Amino acid sequence: MTLQNPTESFISEILENYANEEGNELNKTLLKLFQTFDNDKNKFDVLIKVAALNKIYSTAITNINPVVEQIIKTFNSSLKPKKITEYVDFVDKISKVSWTNDKGKSFERNNLSFSSKYVHFLSGFKTPIYDSYIWIVLKGYLGQKNNEKISFKNPTDYKEFYSTFEKFKKDLDLEIYSNYEIDKFLWQYGKLLIQNIEKEKSIDLNQAKSELKKRIKASS
């Protein structure tokens, strides 16, 4: 499967599809939530934002308290991020959490996708979201563009994801677009490709993702 050339008309088509299917109102509302409850050193301001993102995006965080604590801890130990590089660093600072339950059992989790969503709204859409749909399409485009062997191995951290995202924009001459526009384009295009495979082969989401990876690799 060769990914469709991301021309201006194709990107516009996919963004229009995103607006019609997903709508931009939810994003605007969540941004308003972050702007209203903007004290990230306050437990309840952070709690309501973490809970909202976890519920809306189904990020499967069963214990949000360590996430809230990590965000507050990070804000207390550093200045609020303002530059894009500071936001990128902030994602990695809040993504890894650990906690111990009532029975003394220890847990660790890297919430990279969730943390990228949190900072996406914290930054006012300046930083893109890390998501499996986005990563598959992103890596596929780069591999096909540069005739490189494609690997879909997950990024080790957000810095790696963001540098790959920036490389994609540069290599495919898409720097005129904002990170927010490219973020939505990649996610919606990936979603459409995966949905088509699900219907075509009557398989579940994870199987469809694997099939999409196979098809992209086969065309490189």
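Observations on the structure shown:
- Residue match in the stretch 24-45 (condition: of a type in the set (Val, Ile, Thr), at pLDDT 95 or above and out of contact with any Pro (no Cβ under 7 Å at 6 or more places or on another chain)): yes
- Wholly within the stretch 1-96, helices (runs of 4 or more DSSP H) carrying at least 3 residues that are in contact (Cβ under 8 Å) with a residue 60 or more places away in the chain and not basic (Lys, Arg): 8-21, 25-36, 43-56, 84-95
- PHE107, sole failed condition from (1) surrounded by 14 or more Cβ atoms within 10 Å (Cβ to Cβ); (2) among the aromatic types (Phe, Trp, Tyr); (3) part of a strand (DSSP E or B): (1)
- Condition check for GLU86: among the acidic types (Asp, Glu) and in the same structural domain as LYS209 (by TED's automatic domain parsing): no
- Restricting attention to the stretch 162-216, the residues being under 27 Å from VAL119 (Cβ atoms), among the basic types (Lys, Arg) and in contact (Cβ under 8 Å) with a residue 40 or more places away in the chain number 4.
- Breaking point among (1) in a loop (DSSP other than H, G, I, E, B); (2) surrounded by 13 or more Cβ atoms within 10 Å (Cβ to Cβ); (3) modelled with pLDDT of 95 or more, for LYS153: (2)
The values are calculated or read from the model by the stated rules, or taken from the named source; none is laboratory data. Just so it is clear, the model here is predicted, and its values are computed rather than measured. Cβ: placed from backbone, ideal geometry, glycine included. Neighbour counts: every protein chain shown.
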